[in-house]
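Bear in mind that the values in this text are calculations on the coordinates, not laboratory data. Nothing here was measured: the structure is a model prediction, and the numbers come from that model. Neighbour counts run over all protein chains shown; Cβ positions are idealised from the backbone, glycine included.
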Amino acid sequence: MLAIGMMLVALAVPQARGEDDRIARLINRIATGDAQAAEDATDELLRRTVEPISAAIGPMSQRPQSEQLRLRRMLVRLSARLRLALFRAELTPAQRTMLDEFSLAHTELVEQLFDDNPAARLTAIQQIPVEPDTASGLLAVAKINDPDGDVVEAAIELTNSLQDRVVTEALLRFVTDSTAAIRAGYFRPGEQELAANLVALVGQAIRQIGVIAEAHPEYARDAAPPLLEALRYYPGTAFRAVFFPAEVAEALGKVGDVRAAPALLELLESREIAANMALGGGKLITQTMGDVAHLALLRLFKVDPQEYGFEVGPEPRKVTGFLEQDSRDAARKKLRIWYKEQVEARVAAASSQPVSGERRP
């Protein structure tokens, strides 16, 4: 851990101009060169950064405890600063301004969120103030992908408390960037468990987007494209076991973008069980993935599910599905006729229009 901190610190320490240029060239070679060039550049970067700092500090054991403590605190703070700087670099200009304003008021707390120590990060995320439309939301979403499970849970709880526009936009960015990283093969063969954990977090983020969209639809107007991309991509991958299309279909219904309709139609015939509920007397309400997609379609167009024969179970779960397959088949047939006659043209017209921020060729 100390070695990692040393490397991060070295990169954070101001360099002479010539050394800055050399480090910039090395980083560019790591990013753009072939495998061997990248490996060689990495080795050189480590030599230029870690070794001078290590030599300057010298053997820790030969220093008084008070000096060791100061130096270790310095390494922790500087490595946290670099992580924070890298996080800030990924933000939009407006988000950077928001983060800078928040950091002025909560400098130590923000820094602690990027500490090496998971206990420190947990304490920090638990102390982040619940202030809507501030960098609280940016920082909460940033910690959803924390290596420590307790920090992740606390971050999710904070997003649940906020449910604002900042959180929604950050969650959408998280879904988009995570899916792009998985598609690009960012994780090596030995890191597939890490990749699976990230996909599970993508699902958690999508569920949260659905919750926010239900309460504040105006925050989620641009949510459909990244959710649809996830729905198209993950089911055909090795991560299907941790990705649940029914949850994405439900979120799309809450988002309310009619351009999601064709993707939902494709799920209609799926009989994969999403939920069930025993009613007593041998009766069982079953909800399939196709039922979830059916319900999402009806929600998009503000149609009462009971018009299609859906059964709604009692509180608290209120599973909505069918008692018999024949009833389900009849509902699907009715839905397809209605869609063809009343909805298809409307969906086609909406699909030709980009949402805010979406580019078309």
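With +1 on the Cβ of every Lys and Arg and -1 on the Cβ of every Asp and Glu, and nothing else charged, how large is the dipole of the chain about its Cα centre, in debye rounded to the nearest 20?
My answer is approximately 400 debye.
Residue-wise HN-Hα couplings along the range 89-94, as the Karplus relation 6.51 cos²θ - 1.76 cosθ + 1.60 with θ = phi - 60° gives them from phi, are 5, 7, 7, 6, x, 5 Hz; Gly and Pro carry x. Computed from Cα atoms, the angle from the helix 2-12 axis to the main principal axis of the chain rounds to 80 degrees. Near the amide H of L284, within less than 5 Å, lie the amide hydrogens of L279, all on another chain or at least 5 residues away, with H placed in the peptide plane.
On the basis of the beta-carbon distance and an R0 of 51 Å, A55 and R232 show a calculated FRET efficiency of 0.45. Bridgeable lysines around K143 (alpha carbons under 28 Å apart, same-chain partners fewer than 8 residues away excluded): K254. From least to most packed, judged by other beta carbons within 10 angstrom and beginning with the fewest, K143, K302, K334, K318 follow the order K302, K318, K334, K143. Annotation: amide H-H contacts under 5 Å for N276 (H modelled 1.01 Å from N, sequence separation of 5 or more, or interchain): Q287. For the range 190-200, backbone phi angles converted through the Karplus equation (6.51, -1.76, 1.60; θ = phi - 60°) give residue-by-residue couplings of x, 10, 5, 5, 4, 4, 5, 4, 5, 4, 4 Hz, Gly and Pro being listed as x. At full extension, A38 and K318 could sit 95.3 nm farther apart than now, given 0.36 nm per residue minus the alpha carbon distance. Taking other C-beta atoms within 10 angstrom as a stand-in for reagent exposure, S79, S270 fall in the order S270, S79, fewest first. Look at the alpha carbon pairs under 8 Å that are at least 6 residues apart: their mean separation over the length of the range 267-350 gives a relative contact order of 25 percent.
Based only on other Cβ atoms within 10 Å, what is the fewest-to-most ordering of H106, H216?
H216, H106
Our coupling estimate for the range 47-54, obtained by passing each phi through the Karplus curve with A = 6.51, B = -1.76, C = 1.60 and θ = phi - 60°, is 4, 6, 10, 5, 4, x, 5, 4 Hz, Gly and Pro reported as x.
Round to the nearest 0.05 the FRET efficiency obtained for R336 and T97 when R0 = 45 Å and r is the Cβ-Cβ distance. After rounding to 0.05, the efficiency reads 0.35.
Shown is the FRET efficiency for D21 and S161, computed with R0 = 45 Å from the Cβ-Cβ distance and rounded to the nearest 0.05: 0.50.
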